[in-house]
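What follows is a single structure, written as structure tokens, with notes after it.
What follows is calculated from the coordinates using simple rules that are stated; it is not laboratory data. As the structure is a prediction and not an experimental result, all values here were calculated from the model. Backbone-built Cβ (ideal geometry, glycine too); neighbour counts: all protein chains shown.
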Amino acid sequence: MLRGFTHQLNSSTLNPGDLQLSVEHLTLSFGGVMALLNISLELYQSEILAIIGPNGAGKTSLLNCISGLYHPQEGHIYYHADDGKQHEITTLRPYHIAKLGIARSFQNIELFRHMSVLNNLMAGAHIHMRSDLFSSLIYWGKAQREQIEFRCFVEDIIDLLEIESIREKQVGELAYGLQKRVELGRALAMKPAILLLDEPMAGMNTEEKEDMARFILDVNEEHGVTIVLIEHDMGVVMDISDRIVVLNFGQKIGEGTPDEVRQNPQVIQAYLGEDQRAFTRK
Amino acid sequence: MQSGIFHSTYQADMALRRTHAEKIRMVLFLLFMAAFPFVADRYYLTLANQVGIATIGAIGLNILTGYTGQISLGQGGFMAVGAYTAGLLTARLGMPWYVSTLAACLATAAIGALFGIPSLRLKGLYLAIATLAAQEIILWVVTHWKTLTGGVDALVVPNPTLFGLQINTDFRFYWVIWLLAGVSALTTVNLFRTHYGRAFIAIRDQDIAAEVMGINLFRYKLLAFAISSFWVGMAGALTAHYRNIVTWERFTVDISVLYLAMVIIGGLGSVSGSFFGAAFMTLLPAFLTNLGRALKSTFPFVDTIIPFVQQAVFGLVIILFLIFEPEGLRKIWKDIKDYFRLWPFSY
């Protein structure tokens, strides 16, 4: 039985469709290797944007630039906050970007292995916890109230992701599919304004993929969280995303709705070769 | 036989002692600790006090190495900072021991944070070498800054007094030491129920993910060094007051290794493990010495080889622990508890 969802998951109060993130002429290279070349894209509140492309196309590099793990040589990334302010996040440190409300998951699971599921999610809510060191040391009053308050919040996420039965388990012991789910949960605990998901369904079977797609849609539709999704499964991408950006060798070769991308000859050529079956699948 | 632990409030579910068995065990433990000094003779009280001081130091090291994953070989140096700060403030400026102890903790925290700065760039073994440098630098300063520390000469520290009472016996020290050990254990356990502690563990388990979750690595690593060194400094300060004498020989790199062994044998990332490790590493040499004395009458040659056997057994025990129970004494204790919780149906 589900409890009513009592907490706000989306920390951004922009109206759906408002510009939330703009990437302008991003160029990133590692030595002689061009990872990203003159990439521009825009992200709007409450949409699901999929980034697709063959391996090595620069998808993860782009996500790493947005979350501050890489710093591009050229170009700018702007985050548009609630108050109408425009923050340049190109050169900020990852923790600073996280505090603005950009959360992410990783391609290879990067959970805190020795913590329980519950503590992983609580750690995800780190940026919202305010109690000072001294009251934390005595765990009295403010610190205790805060921990209990966030426990309630985290339980909402546990309900949403249907991981009630494993909440006390160490994440290192969990099956791969569940770990992916916990990682989504940890990112959600940040109350993200933008959620960057790097291959959330990689290595999953069909049933697990369906579950994950459902969770992503729940988060997006019920809470209006903007989602950037990197995914290789074309069926999923075509079904759940509002817009798609296609990368190849670090360059943007296509952008548009799933239908537009499906028709784009350049995309078909570069991404799938001559074989169009995957795109025309019903 | 229980089928699970059920609570109806989050407060109860997040409590430190969640079941009646745990609460009763805690009360029994506290009763034992309170009764112990009245029944034990002086020898055992001395051992208990040594365990208490070691527990505080091991908790400090465990915060840094066990919980935050920053391997430190600077333990001895940091204890020296605490011992000399407390000793000098008490002996030269005549400060009350509690003021000088607190000052020593804060000074050690500051020095610890200072030597923690390389931790932003260095990890694992490289950081271990950097902290080893801290150890050597601190001891070099201690032995060469003669005008301040008296160099290699021993620094004599007067007995502490509290409410006009001289704390000069093991019985009286016992209360001071174990009260402070209790405070250090409780605050550390509490710390790891909040976002500070979770940030430390997050840094240990996956530092890149931690930073992407909004944890400022530099700030939290320095904080871990500072909090850890605070308790290590307290262990040093208590050593100074307890022994009435501070010498640099007590704080060499051997001590750093000894404490590292304590937290590994006790259990990394565990407060109770710090206590188990401290007790084990303090009592094992004493036990071996007693064993040697007992055997001396029957095997006279034992006396000459005892010191060597002690070292060898020490090393052997550490190796055996690493092989058979890498999670330490804490895990053994947990297994025992689990066995009896489910007894007689252990499936």
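Just to check I understand the Karplus step: with θ = phi - 60° and J = 6.51 cos²θ - 1.76 cosθ + 1.60, what whole-Hz values come out for region B:240-249, glycine and proline as x?
For region B:240-249, the Karplus curve yields 4, 6, 6, 7, 6, 8, 10, 10, 5, 4 Hz.
So what is log10(I(q)/I(0)) for chain A at q = 0.06 1/Å, when the Debye sum runs over its Cα atoms only?
The Debye formula, applied to the Cα set alone, gives -0.19.
Only helical DSSP H runs with n ≥ 4 go in: add -39500 (n - 2.57) per run for chain A, normalise by residue count and round the 222 nm mean residue ellipticity to 500 deg cm²/dmol.
-10500 deg cm²/dmol
Using amide H atoms built in the peptide plane, which far-off residues or other-chain residues are under 5 Å from residue A:255 H to H?
Distant-sequence amide H within range of residue A:255: A:246.
Quick one: which residues, 5 or more positions from residue A:75 or on another chain, have an amide H under 5 Å from its amide H? H modelled 1.01 Å from N in the peptide plane, none for Pro or chain starts.
Those qualifying (amide H under 5 Å, at least 5 residues apart or on another chain) are A:27.
Step through the residues of region B:267-278 one at a time and calculate ³J(HN,Hα) from phi using the Karplus curve (6.51 cos²θ - 1.76 cosθ + 1.60, θ = phi - 60°), rounding each to whole Hz and writing x for Gly and Pro.
So the Karplus estimates, Gly and Pro as x, are x, 5, x, 8, 6, 5, x, 4, 5, 4, x, 4 Hz.
Fewest Cβ neighbours within 10 Å first, please rank B:342, A:69, A:36 accordingly.
B:342, A:69, A:36
Averaged over peptide B:215-224, how many Cβ atoms belonging to another chain are found within 10 Å of each residue's Cβ?
Other-chain Cβ atoms within 10 Å of each residue's Cβ, averaged: 2.
Using a 10 angstrom cutoff on alpha carbons, build the Gaussian network for chain B and name the most mobile of B:79, B:14, B:234.
Evaluated over chain B, the most mobile residue of the options is B:14.
For region B:17-252, calculate the relative contact order in percent as a whole number, restricting contacts to Cα pairs under 8 Å that are 6 or more residues apart.
Worked out over region B:17-252, it gives 40 percent.
Under 18 Å from a label point 7 Å along Cα→Cβ of residue A:214: give me every residue in region A:128-161 with its amide N that close.
Zone members listed by number: A:156-161.
Under unit Cβ charges (Lys, Arg +1; Asp, Glu -1), what dipole magnitude, rounded to 20 debye, does chain B have relative to its Cα centre?
460 debye
Listing A:132, A:198, A:159 from the residue with the fewest other Cβ atoms within 10 Å to the one with the most, what is the order?
In increasing order of surrounding Cβ atoms, one gets A:132, A:159, A:198.
Return the single residue from B:222, B:260, B:295 with maximal mean-square fluctuation; model: Gaussian network over chain B, springs between Cα atoms under 10 Å.
Among B:222, B:260, B:295, the largest mean-square fluctuation in the Gaussian network model of chain B belongs to B:295.
What is the Cα centroid distance between region A:159-223 and region B:75-136, reported in whole angstrom?
Cα centroid to Cα centroid, the span is 44 Å.
So if I average 1/r over every pair of distinct C-alpha atoms in the protein assembly as shown and take the inverse, what Kirkwood radius in Å does that give?
The Cα-based Kirkwood calculation yields 27.4 Å.
Using a ≥ b ≥ c from the Cα gyration tensor of region B:130-197 (square roots of the eigenvalues), is it rounded, prolate or oblate, where a/c under 1.5 gives rounded and otherwise the larger of a/b and b/c decides, a/b for prolate?
Note, shape of region B:130-197 comes out oblate.
Taking the number of other C-beta atoms within 10 Å as the exposure measure, put A:142, A:59 in order starting with the fewest.
A:142, A:59
I'd like the mean, over residues of B:177-187, of how many other protein chain beta carbons sit within 10 Å of each residue's own Cβ.
1
Can you list residues whose amide H is under 5 Å from residue B:161's amide H, if they're 5+ apart or on another chain and H is modeled 1.01 Å from N?
The list, which skips near neighbours in sequence, is B:97, B:167.
Please list, in order along region B:134-139, the HN-Hα scalar couplings obtained from phi with the Karplus expression 6.51 cos²θ - 1.76 cosθ + 1.60 (θ = phi - 60°), rounded to whole Hz, x for Gly and Pro.
4, 3, 5, 4, 4, 5
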